[in-house]
Structure formats: structure tokens, C-alpha cells
């Protein structure tokens, strides 16, 4: 049974790659990569974000300097139209994934819904 659902998930992943939202994200990413300066700043931001998230997950306090650096980097990437467009497309993909997650987890909510 679990093999069947995994095959369904693989098919769903293939279908996901064909959605308007994913295709638009892919196009926006390629467009952003074509601007070397935007792409370099984007990579710096990702690296910084990862490092801060890792620190946060290990319950370490962020220093004022780290917070300031993150704010500065966020402002810097916000100056690139290509990155702003990419973020807009990421939001659309995340909204779609949220909708799919709700559909997939509805049986769990129904199971625990005591009012039925």
C-alpha cells in the first residue's frame, strides 16, 4: 500500500513541475540568474538565511550584528526587480503547496474532529 502512495506522490511531483506556478518560478529563477549581480546577492542572502536558521534551531541567540546584517542583505536583494519577481513567484508556489498540504492532511483533521 505505501508503495502505491509513493508512486502517486512521484506522479504528483511530475505534475507539480507542469503547474503554471512552478513554470513561472522556474522562469523567474532563470531570469534572476541571468543578472550576475542579483544572483550573487541572492546566494549571499540564502547562505546568511541558512546560517541564521541553523543558529535559531539550536536555540542560540542572534547577535545585533547578525540581525543588522540580515536586514541589510534583505534590503539589498529587495533592490533587484528580478529577485522581487522571484519572491512573488515563490509565494504563489508556496500557496499552492499549502493548498495541497491541506488536502493531504484533511483525513487527519477529520479523524481528530470530535464534533462529528
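Out of 113, 56, which single residue is surrounded by 11 or more Cβ atoms within 10 Å (Cβ to Cβ), free of Cβ contacts under 8 Å to residues at least 12 places away in the same chain and farther than 29 Å from residue 17 by Cβ?
Answer to the selection: 56.
Within the group 18, 102, which residue is exposed (fewer than 11 other Cβ atoms within 10 Å of the Cβ), modelled with pLDDT of 95 or more, assigned to a loop (DSSP other than H, G, I, E, B) and out of contact with any strand residue (DSSP E or B) (no Cβ under 9 Å at 6 or more places or on another chain)?
18
So which of 96, 86 is at pLDDT 95 or above, part of a helix (DSSP H, G or I) and closer than 19 Å to residue 39 by Cα?
Result of the check over 96, 86: 86.
Any idea which residue in segment 62-83 is farthest from residue 16 (Cα to Cα), counting only those that are in contact with a helix residue (DSSP H, G or I) (Cβ under 8 Å, 6 or more places away or on another chain) and outside any helix (DSSP H, G or I)?
62
Taking the options 24, 9, 13, name whichever one is more than 18 Å from the chain's Cα centre (by Cα), part of a helix (DSSP H, G or I) and closer than 26 Å to residue 99 by Cα.
9
The values are calculated or read from the model by the stated rules, or taken from the named source; none is laboratory data. Given the structure is predicted, the values throughout are model-derived calculations rather than measurements. Using ideal geometry, Cβ is built from the backbone for each residue, glycine included, and neighbour counts are taken over all protein chains shown.
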